[in-house]
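Below is one structure, written out as C-alpha cells, with a few remarks after it.
The values are calculated or read from the model by the stated rules, or taken from the named source; none is laboratory data. The structure displayed is predicted, hence computed values, not measured ones. Please note: Cβ atoms are built from the backbone with ideal geometry, for glycine as well, and neighbour counts cover all protein chains shown. Areas reflect the complete protein model, heavy atoms only, side chains present, ligands, DNA and RNA absent. Shrake-Rupley method; radii C 1.70, N 1.55, O 1.52, S 1.80 Å.
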Amino acid sequence: NSWLVFDKAYNVYHQFAKWTTQKVWFVTRMKDNADFHITKVLVDKTKKKNVKGVLKEQYITVGVKQNGKEVGRLKLRRITFKTAEGKVYVFITNNFTLPAPQIATIYKNRWMIELLFKQIKQNFPLRYFWGESPNAVKMQVYCVLIAQLLMVVIRKKAATKKSFANMITVIRLHLTSYVGLMEFIKDTYKAWRKKHNASSLDFSP
C-alpha cells in the first residue's frame, strides 16, 4: 500500500509487475513510443471542445520482458489529462480504484516533494547517510524533516524577510550564542549589538 511517483524516464515494466504483485502502487508518465494494447475504454472526451481534466481513461496491457523475451502482460490504467493551462499529460498506474483526477493530482504533487527535498539537501546535511539499513536511513530523514518543519514555523513566527537559506545559516553559526532566537532572526545585527552591549557592562560595585 505504498505509493511511488516518478518521471517517465524510469519505465521498466518487469519492475512495475513486481510492485503490482507486492501491492505497491505507482503513478508515472507514459513514454511517447510505448508499445501497449488497449483492452477497454472507460472515458473518451477527446472529440469534445474546450474539455479540461480527464480526456481519456483506458485499460491497457504492456509486455513484461526478461532477457529480451516477453514473459507476460501487465494490466495498467492509462489516463490522458489536460491541465487548465492546456498541457496534456499521459499517466499510467497500476491502481484501479482511485478516481482518475486524483491520479493526476498525485503526480502533480510529486514536484512539491522534489522542491522540498531540494531545499533540504541545500540546507541540511542529507547529502550522505550515516547508516545503510532502512531504519538508519528513515531515522536520518525523519530528523531532517523535523528540523525543516521547525525552521519553517520559526521563520513564519519571526516574519523575517531573510531567505530560508540565510536564516538556516545564521542559526547554524550562532547555535551556542546567548541570543534570543526570534529577535536574532528578525534583526540579526540589532540582537547581536544588544547582547554584546549587555555583556560588556560593568556590574562592579
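The coefficient of translational diffusion for the range 124-196, derived via Stokes-Einstein from the alpha carbon Kirkwood radius under 37 °C and 0.692 mPa s, stands at 239 µm²/s.
Each label point was placed 7 Å from the Cα along the Cα-to-Cβ direction; for K156 and V12 their separation is 3.9 nm. Which helices pass in the chain if a helix is a full DSSP H run, must span at least 20 angstrom along its long axis by Cα, and must have mean Kyte-Doolittle hydropathy not below 0.5? Span-like helices in the chain: 134-158. Partner lysines whose Cα lies under 21 Å from the Cα of K52, excluding those fewer than 8 positions away in the same chain, are identified as K82, K87, K108. For the range 108-195, chymotrypsin sites (Phe, Trp or Tyr not before Pro) meeting the loop criterion (DSSP other than H, G, I, E, B) and having at most 14 other Cβ atoms within 10 Å: Y128, F129, W130, Y178.
Pairs of alpha carbons in the chain separated by more than 28 Å make up 52% of all such pairs.
Once the chain from V137 to T46 is taken as fully extended at 0.36 nm per residue, the excess over their C-alpha distance is 28.3 nm. Remark: the chain carries 71 Å² of accessible area per residue (probe radius 1.4 Å; ligands, DNA and RNA excluded). Put a plus charge on the Cβ of each Lys and Arg, a minus charge on the Cβ of each Asp and Glu, and nothing anywhere else: the dipole of the range 1-73 about its Cα centre is then about 300 debye.
Rolling a 1.4 angstrom probe over the chain with all protein chains present gives an accessible area of which 57% lies on carbon and sulfur atoms.
Within the listed set L55, L76, L181, the residue fluctuating most in the Gaussian network model of the chain (springs between alpha-carbon atoms under 10 angstrom) is L181. Full extension of the segment from Q119 to K69, taken as 0.36 nm per residue of separation minus the current Cα-Cα distance, would add 13.8 nm.
Would you kindly state the longest site-free stretch of the chain, with sites defined as trypsin sites (Lys or Arg not before Pro) in a DSSP loop (not H, G, I, E, B) surrounded by at most 11 other Cβ atoms within 10 Å?
After excluding every exposed loop site, the longest remaining stretch is 162-205.
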